[in-house]
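The structure appears right after this line, and notes come after that.
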Amino acid sequence: MSWYRNSVFILKGLKDYTKSGYASASKQFCEKDLDVDCNGKSFMITGANSGIGKSLAISIAKLGGTIHMVCRNPKYADDAMQEIKNTTGNPNVHVHLLDMSEPTSIAKFAKKFIEEHESLNVLINNAGCMVNDRQVTEDGLEKNFATNTLGVHMLTKSLLPLLKKSKEPRVIMVASAGMLTQKLNVDDLQAEKMKPFDGTMVYAQNKRQHVIMTEEYAKEYPEVKFFSMHPGWADTPAVQNSMPDFYNKMQGKFRTPEEGADTALWLAVSKAALEQPTGEFFQDRKVVSKHLPLACTHSSQEDHDKLMKILDDYFSQFSE
Ligand SMILES: NC(=O)c1ccc[n+]([C@@H]2O[C@H](COP(=O)([O-])OP(=O)(O)OC[C@H]3O[C@@H](n4cnc5c(N)ncnc54)[C@H](OP(=O)(O)O)[C@@H]3O)[C@@H](O)[C@H]2O)c1
């Protein structure tokens with residue numbers, strides 16, 4: 001089954017996720033959708049110092065939005081903040097230093113942010129990693145899970161009280177179509193039983209978790225719009241560093257970071273996105289299937305509930 005899923009995914013990717021896929025899909029875009037005034041609205045973007053996150057920050061700052069960059073590296077964050085301010089002329093760009101693999105720090109950060117800010121209109125969970133060996137954080141969590149899944153849950157859930165009282169609140173999960181190759185495996189979230197450890201598979205599991213978390217948040221919090229999305233294959237440091245073979249083979253075919261960021265931008269700022277169903281998975285400004293045909297990747301509601309219960313238990317443990 002994994003051979004079938006991977007083959008269909010690659011064929012689909014070569015057609016849809018590349019630069020030419022974007023060129024073809026973007027013919028259907030309504031450019032006026034991004035003709036929006038974001039003055040007075042605030043946007044938190046994790047991993048905003050690089051790639052897709054930085055492109056999002058620049059585009060939204062150009063539209064007048066207040067940007068809260070959540071980054072782990074002070075130098076990268078400061079350099080990117082200066083670049084965003086200089087490129088856009090928007091002075092309302094702020095850096096918050098936070099490592100998304102540290103759940104206790106995330107809870108503390110969110111608490112302080114809520115105390116100091118009256119609103120947050122949009123949260124974009126963009127930061128992500130693919131660590132190819134099994135690393136364990138100080139909290140005893142597998143590093144990809146800690147960053148990609150638990151970090152996202154900690155931040156989203158902690159900020160919900162603020163999002164809920166803000167105008168037209170939205171949460172966007174930068175997932176990946178890599179998740180199409182995976183069925184949720186809720187019994188090995190820490191990749192303890194995976195032998196040998198496979199970082200690509202763990203990452204794809206994390207992204208499958210994103211898509212399911214988006215569905216479950218949407219049901220639980222109907223007052224907020226939740227969207228997950230796939231950027232396509234974009235030329236960024238993450239791909240270059242974590243998947244060097246893929247990166248070399250795909251030279252000339254990658255989307256730019258701006259093209260990769262387009263759907264997240266559209267979901268974050270456009271009025272059209274507010275008319276889209278909550279909890280869905282998007283690619284190139286359209287709802288797309290969360291499963292490949294005949295791939296047997298559907299999981300039960302019982303497994304979804306189990307995933308959310310585990311995340312909520314961690315949330316309680318690390319929020320205290
Ligand atoms: N590029 C693609 O083709 C593609 C395809 C599908 C999905 N995605 C997703 O797109 C998102 C953005 O990635 P990208 O491609 O734009 O790569 P990128 O340029 O390398 O950006 C990744 C960002 O995440 C940050 N980050 C990673 N671990 C972190 C942590 N523990 N705490 C805080 N920040 C952390 C990185 O910070 P540092 O700069 O400090 O490392 C960086 O800012 C990711 O979620 C990725 O999975 C990308």
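Readers should treat all values here as calculations from the given coordinates under stated rules, not as data from a laboratory. The shown structure was predicted, so the numbers you read here are calculated from the model rather than taken from an experiment. In this analysis, Cβ positions are derived from the backbone assuming ideal geometry, glycine residues included, and neighbour counts consider all displayed protein chains.
Annotations for the structure displayed:
- Positive-end residue of P169, A48, L14, charge dipole of the stretch 2-319 with Cβ unit charges: L14
- Leading residue at positive end of dipole, the chain (Cβ point charges), from N86, P196, V122: N86
- Note on the chain: antiparallel DSSP beta bridges, both residues inside, total approximately 10 percent of the bridges counted.
- For A204, net neighbour charge (Lys/Arg +1, Asp/Glu -1) across residues whose Cβ lies under 12 Å away: +3
- The stretch 108-196: trypsin sites (Lys or Arg not before Pro) in DSSP coil with no more than 13 other Cβ atoms inside 10 Å: K165, K167, K193
- Gaussian network model of the chain, Cα within-10 Å springs - most flexible of Q205, Q135, Q190: Q135
- The chain: calculated mean residue ellipticity at 222 nm from DSSP helix runs of at least 4, using -39500 (n - 2.57): -14500 deg cm²/dmol
- The alpha carbons of the stretch 1-140 give a radius of gyration and a Dmax of 18.2, 51 Å, in that order.
- Listed peptides 281-288, 33-40, 221-228, 52-59 by packing density, highest first (mean Cβ within 10 Å): 52-59, 221-228, 281-288, 33-40
- Taking the DSSP bridge list for the stretch 109-229 and keeping only pairs wholly inside it, about 10 percent are antiparallel.
- Across the chain, C-alpha contacts under 8 Å between residues 6 or more apart give a mean separation that, scaled by the residue count, equals a relative contact order of 21 percent.
- Taken about its Cα centre, the chain carries a charge dipole of roughly 720 debye when the Cβ of each Lys and Arg holds +1 and the Cβ of each Asp and Glu holds -1.
- With all pairs of different C-alpha atoms in the average, the Kirkwood value for the hydrodynamic radius of the stretch 2-319 is 19.6 Å.
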